[in-house]
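K.L.:
Quick one: the structure is below, questions incoming.
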Amino acid sequence: MTNSRISGFYNLSLDDRLAKVAASADFPTDGLTPFTTGGLTPEAADHMVENAVGMFSLPLGIGLNFQVNGRDVLVPMTLEEPSVVAGASFMAKLARAGGGFQATCSAPEMIGQMQLLDVDDVHATRLKVYEHKADLLAEADSIDPVLKKFGGGARDLEVRVIDDSPIGAFLVVHLIYDVRDAMGANAVNTACERLAPRIEAITGGRVHLRILSNLADRRIARARCVIPVKELAFGGGDPSGRPYTGERVRDGIIEAYAFAASDPYRAATHNKGIMNGVDAVVIATGNDWRAIEAGAHAYAARSGRYTSLSTWGKNRDGDLVGTLEMPMAVGIVGGATKVHSAAQAAVKLMGVKTASELAEIIVSVGLAQNMAALRALATEGIQRGHMSLHARQVAIAAGASADLVEKVAAQMVAEKVVRIDRAEEILKEMKS
C-alpha cells in the first residue's frame, strides 16, 4: 500500500529519492528507470512525430502527501516551472488533516461533431435526423467491437441548429460516445467518418467537418477538500507585524478567489495556476495536455463570461472548503501512454486502473496547486516562495557548478535581486 507521506524527501539525493519512492509505493526500483532515462528512444521518437531530430527533456518530480478518495498516491509531475511540485505537495499535506481530496468523475463520454451543410430547411432536417436516431446509434455502436466489449460505444445523438454563423444557418450533429479508458479521439473520429454518408443520405445535405470536440463537458472530473482553519496558520507576520492566523489566511484565499470569479483578467492567471498542476500530471502520463487546456478554458467561459474553474469558501465550522470542476479527457490506453515508457511507469506508480481514477487524481492536484498559489498571493506574495527556486535556475544559467548553485542562489535571495547579471557577479566573486 502506498504511503505518500515521505519526510525529508527534498533533502535526499536523486538516487535516494527514487529508492524512497519505490519503497513507499511497494514498487520495483527498476520500474522507475524510465524516469531517469527519459523513457523515450530516438527510434521511438522518429515514429511519433514528423521530421524528428531528437528529444527534449523536462524535469519529473513527485507530488507528495496526496490522499484521493481515501487512498494515498505518489503523483508524477512533469514541468519546468519552480515551486509547483512543492506547493501542491504542501497543500496536499494540509488537505490530509481534513480527510484529503474527495473526487468523482462522470462517464467517459466524448462528443463527435458533424457539420451538416446544404440542407433546405434546418429545422425540418433536424427532426429528420432524430427520426433515424436509433439506426444511426446502432451503426456507430457496431464500429468498435472491442470497445463495446468493455462497455463503451454510442450513447446518444443530438442535433443543434447554428443560425448565426458567417455562412448562414447549418446543423451540427453530436455523437455522444463512451470511450472507456481511452482519451477517445481516434474512436470518436472513426465513428463520425462512418456515420457521415448515412446522415447525408437521410438529409440530402453535405457533411463537411467530422471531428472530436475538445470541450468534453460530458466528461467532467470534480474534486473537493476541507482544510481545518487551524492548519492554515503559520509563523511570522506581515511587514506591519500582524500574524498570519488561520482565519486571516482563510479569508485571504476566499477574497483572492472572489477576484478571479468576478474578473476575467484575474481568472486567466488563476486558472493558469490550476493548469500548472493539471498539465504536469497530464504530460507525465503521456496524455494530450493541449486538449485538456482547450477544454478547461472553454468550460470556464461556458456562461458567456470567462471565470474561475474553482470555488473557495468556508463551512459552518469556519474551515476552508475548495472545489474544482473541469473537463478531463485522459486515457490510460493507446496514444503516447503506450509508447512512452516513462508515461507507463507514471501510470503504474499511481496504481490507477481506469481513466476515471487518473482524472480524479489530476483534478485533485489542480485544486491543490490552486490553493498553493492563492495562499501565497493572499499572504507573503507569490515571489517569496517562488524566488528561491527561480534563483537556482538563474544560478545554473549563469554557469554555476553543482557545488556553487545553492550558494549563488541563496545570496541572490538574501539580496532580493534574482537576475543573471547579479548571479554572474556573485559567481565571479566566489571564484576569486
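K.L.:
Being within 20 Å of Ala201 (Cα to Cα) and at pLDDT below 95, is that true of even one residue in region 109-127? Lay out the reasoning, then the answer.
P.N.:
Taking region 109-127 and keeping what is within 20 Å of Ala201 (Cα to Cα), we get 112-127.
Applying the additional criterion that residues be at pLDDT below 95 yields 120.
Looking through region 109-127, at least one residue is within 20 Å of Ala201 (Cα to Cα) and at pLDDT below 95.
K.L.:
Within region 194-218, how many residues turn out to be within 20 Å of Val278 (Cβ to Cβ) and part of a strand (DSSP E or B)?
P.N.:
Filtering region 194-218 down to residues within 20 Å of Val278 (Cβ to Cβ) leaves 212-218.
Adding the requirement that they be part of a strand (DSSP E or B) leaves 212.
The number of residues fulfilling the criteria is 1.
K.L.:
Looking for something crowded, with 17+ Cβ neighbours inside 10 Å, in contact with an Asp or Glu (Cβ under 9 Å, 6 or more places away or on another chain), outside the structural domain of Gly205 (by TED's automatic domain parsing) and not hydrophobic (A, V, I, L, M, F, W, C) - is there at least one such residue anywhere in region 33-52?
P.N.:
No, region 33-52 contains no residue that is crowded, with 17+ Cβ neighbours inside 10 Å, in contact with an Asp or Glu (Cβ under 9 Å, 6 or more places away or on another chain), outside the structural domain of Gly205 (by TED's automatic domain parsing) and not hydrophobic (A, V, I, L, M, F, W, C).
K.L.:
Test each condition in (1) more than 23 Å from Val21 (Cβ to Cβ); (2) in contact (Cβ under 8 Å) with a residue 12 or more places away in the chain; (3) among the polar types (S, T, N, Q) for Ser341 and report the one that comes out false.
P.N.:
With (1) more than 23 Å from Val21 (Cβ to Cβ); (2) in contact (Cβ under 8 Å) with a residue 12 or more places away in the chain; (3) among the polar types (S, T, N, Q) applied to Ser341, the lone miss is (1).
K.L.:
Right, something else. Would you mind finding the one in Ala221, Ala191 that is under 32 Å from the mean Cα position of the chain (by Cα), part of a strand (DSSP E or B) and surrounded by 20 or more Cβ atoms within 10 Å (Cβ to Cβ)?
P.N.:
Values: Ala191 fails: part of a strand (DSSP E or B).
Being under 32 Å from the mean Cα position of the chain (by Cα), part of a strand (DSSP E or B) and surrounded by 20 or more Cβ atoms within 10 Å (Cβ to Cβ) holds for just one of Ala221, Ala191, which is Ala221.
K.L.:
Quick one: what pairs do we get from region 10-23, first residue in contact (Cβ under 8 Å) with a residue 24 or more places away in the chain, second surrounded by 14 or more Cβ atoms within 10 Å (Cβ to Cβ), C-beta under 7 Å, 6+ apart or different chains?
P.N.:
Filtered contacts from region 10-23: Arg17/Phe9; Val21/Leu32; Val21/Ile62; Val21/Leu74.
K.L.:
Now for a separate question. Please state which of the following conditions Arg250 fails to meet, knowing it meets all the rest: (1) surrounded by fewer than 19 Cβ atoms within 10 Å (Cβ to Cβ); (2) part of a helix (DSSP H, G or I); (3) not polar (S, T, N, Q).
P.N.:
Only one criterion is unmet by Arg250, namely (1).
K.L.:
Separate question: Could you please give the count of residues in region 284-306 that are among the β-branched types (Val, Ile, Thr) and surrounded by fewer than 22 Cβ atoms within 10 Å (Cβ to Cβ)? Walk me through it before giving the result.
P.N.:
Taking region 284-306 and keeping what is among the β-branched types (Val, Ile, Thr), we get 285, 292.
With surrounded by fewer than 22 Cβ atoms within 10 Å (Cβ to Cβ) added as a condition, the list becomes none.
Here the count works out to 0.
K.L.:
Scan Gly331, Gly313 and give me the residue that is surrounded by fewer than 19 Cβ atoms within 10 Å (Cβ to Cβ), in the same structural domain as Glu81 (by TED's automatic domain parsing) and either among the acidic types (Asp, Glu) or at pLDDT 95 or above (or both).
P.N.:
Details: Gly331 fails: surrounded by fewer than 19 Cβ atoms within 10 Å (Cβ to Cβ).
Every option except Gly313 fails the conditions.
K.L.:
So, one more: Filter region 53-87 down to residues that are polar (S, T, N, Q) and crowded, with 18+ Cβ neighbours inside 10 Å and give me whichever is modelled with the lowest pLDDT. It would help to see each step written out before you state the result.
P.N.:
Our first condition is that a residue be polar (S, T, N, Q); within region 53-87, this holds for 57, 65, 67, 69, 78, 83.
Applying the additional criterion that residues be crowded, with 18+ Cβ neighbours inside 10 Å yields 65, 67, 78, 83.
Details: Asn65: 98, Gln67: 98, Thr78: 98, Ser83: 90.
Out of the qualifying residues, it is Ser83.
K.L.:
Then there's this: Can you find even one residue in region 252-263 that is aromatic (Phe, Trp, Tyr), over 30 Å from Ala138 (Cβ atoms) and out of contact with any strand residue (DSSP E or B) (no Cβ under 7 Å at 6 or more places or on another chain)? Explain how you work it out, then say what you get.
P.N.:
At the first step, the residues of region 252-263 found to be aromatic (Phe, Trp, Tyr) are 257, 259.
Filter once more, so that each one left must be over 30 Å from Ala138 (Cβ atoms): 257, 259.
Filter once more, so that each one left must be out of contact with any strand residue (DSSP E or B) (no Cβ under 7 Å at 6 or more places or on another chain): 259.
Yes, region 252-263 contains at least one residue that is aromatic (Phe, Trp, Tyr), over 30 Å from Ala138 (Cβ atoms) and out of contact with any strand residue (DSSP E or B) (no Cβ under 7 Å at 6 or more places or on another chain).
K.L.:
Of all residues in region 361-379, count the ones that are more than 10 Å from the chain's Cα centre (by Cα) and over 16 Å from Ala86 (Cα atoms).
P.N.:
Going through region 361-379 one residue at a time, the tally reaches 2.
K.L.:
Return the only residue of Val146, Val161, Val179 being loosely packed, with under 15 Cβ neighbours inside 10 Å, under 30 Å from Thr285 (Cα atoms) and not charged (D, E, K, R). Write out each step before concluding.
P.N.:
Numbers: Val161 fails: under 30 Å from Thr285 (Cα atoms); Val179 fails: loosely packed, with under 15 Cβ neighbours inside 10 Å.
So the residue among Val146, Val161, Val179 that is loosely packed, with under 15 Cβ neighbours inside 10 Å, under 30 Å from Thr285 (Cα atoms) and not charged (D, E, K, R) is Val146.
K.L.:
Do you know which residues across region 16-47 are among the small types (Gly, Ala, Ser) and assigned to a loop (DSSP other than H, G, I, E, B)?
P.N.:
Step one: list which residues in region 16-47 are among the small types (Gly, Ala, Ser), which gives 19, 22-25, 31, 38-39, 44-45.
Hits for region 16-47 are Ala25, Gly38, Gly39.
K.L.:
Just one of the numbered conditions (1) on the phi < 0 side of the Ramachandran plot; (2) surrounded by 19 or more Cβ atoms within 10 Å (Cβ to Cβ); (3) modelled with pLDDT of 95 or more is not true of Asn3; which one?
P.N.:
(2)
K.L.:
Being assigned to a loop (DSSP other than H, G, I, E, B) and either of a type in the set (Asp, Glu) or modelled with pLDDT of 95 or more (or both) narrows it down to one of Tyr265, Tyr306, Tyr299, so name that one. Please lay out each step first, then the result.
P.N.:
Numbers: Tyr265 fails: assigned to a loop (DSSP other than H, G, I, E, B); Tyr299 fails: assigned to a loop (DSSP other than H, G, I, E, B).
The conditions single out Tyr306.
The values are calculated or read from the model by the stated rules, or taken from the named source; none is laboratory data. Note that this is a predicted model, so its numbers are computed, not measured. Using ideal geometry, Cβ is built from the backbone for each residue, glycine included, and neighbour counts are taken over all protein chains shown.
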